[in-house]
Each structure stands twice: as structure tokens, then as C-alpha cells.
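Undergrad: Right, I'll just put the structure down here and ask away after.
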Amino acid sequence: MIFKSFALSGSLALILIGCSSVQPKTANVEFTDAAALAGVAPTTTTAGRYIWGHEVAAFQPCDSQQVYWVRATPTTDHLNQLALTLSEQRSQPYQPIYVEAEIFPISRDNNPAFVDGFAADYDGIIEINSVTTIETKIPVNCHNIQATDNNSLT
């Protein structure tokens, strides 16, 4: 009986050791769907308004009618916290933040999660991985053209 217990423990240990060496699979994301972003080339530094709140994570470049869903990253976590603080201070949700950021277009083709749900209603999907400027007031030279449909960031 002791031998069976030892053999079972040894087998479990080998299984656990084998499992710990398995590397997680990473999604193969394509950042080249520039056509879906109406002229926003991959790895472009762009100025615009970032809005975050309940069921909203959006970016609208200055002087553009296009509004993009923003995929969450550690960089956007910081922006979301700032947006939450502004919303609390101003007693209004969805406070815009001016950012100059390096954005990457994300292809809907390789990300089925962006075909349905909230992201499906936007002009495209982007990822923000680097921000060079953050302002809590939108500069006067960052004009936003009224967005169409339900994607307005006014």
C-alpha cells in the first residue's frame, strides 16, 4: 500500500513537472489592416481624444470623423484611471482626455471578438502601447468632426 501511494505521488509529480514546462500559446495578431482604419497607417503617432467609461473605450483622432474601439493594454489602464478620476471630479461620465499616442490598427479578421459586441459598432480597432502626451483639457487645435451614428464622442 505504501508502494502504491509512493508510485501515485511520483506519477503526479511527473505530470505536474511536465505541465509547468508547457508554454502558453500566444495569439498571432496582425497590425496591417490599415484599410479598415481609413488611412491610419500601422505604428502611427496620432493626436486625439481618448474616452473611457462603462462599455466605452474609444479614440477619435483630431480633425477626424472616425472613432476607433481601443483594445485594453497596460497603457490604457493608466488612461482609464485618469478618465475615472476626471469623471468623479467633474461629476460627469466619459470625460475626454487629449493624448498623443502611438497607435496600431488591429484586424477584425484575426480577432473574432471584435466582430460582435461593442467593438463592432466602431470604424476600426486600435491598440495604444505608447503615449507621449496626456492632457486633461482638449487643446483648441484638436478639432473633432461630429462622428456619425452612435459613435459620437461629444
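The values are calculated or read from the model by the stated rules, or taken from the named source; none is laboratory data. All of these numbers come straight from a predicted model, not from anything done at the bench. Please note: Cβ atoms are built from the backbone with ideal geometry, for glycine as well, and neighbour counts cover all protein chains shown.
The rows are residues; the columns are (1) crowded, with 22+ Cβ neighbours inside 10 Å; (2) touching a Gly at 6+ places or on another chain (Cβ under 7 Å); (3) part of a strand (DSSP E or B); (4) modelled with pLDDT of 90 or more.
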| position | (1), (2), (3), (4) |
| --- | --- |
| PRO42 | no, no, no, no |
| GLN60 | yes, yes, yes, yes |
| ASN80 | no, no, no, yes |
| LEU84 | no, no, no, yes |
| LYS137 | no, no, no, yes |
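Undergrad: Counting only residues that are out of contact with any helix residue (DSSP H, G or I) (no Cβ under 8 Å at 6 or more places or on another chain), under 16 Å from CYS62 (Cα atoms) and of a type outside the set (Lys, Arg), how many does segment 103-139 have?
TA: 6
Undergrad: Take the residues of segment 91-130 that are surrounded by 13 or more Cβ atoms within 10 Å (Cβ to Cβ) and either in contact with a His (Cβ under 6 Å, 6 or more places away or on another chain) or of a type in the set (Val, Ile, Thr) (or both): which is farthest from ALA47 (Cα to Cα)?
TA: So, considering only residues that are surrounded by 13 or more Cβ atoms within 10 Å (Cβ to Cβ) and either in contact with a His (Cβ under 6 Å, 6 or more places away or on another chain) or of a type in the set (Val, Ile, Thr) (or both), the one farthest from ALA47 (Cα to Cα) is ILE106.
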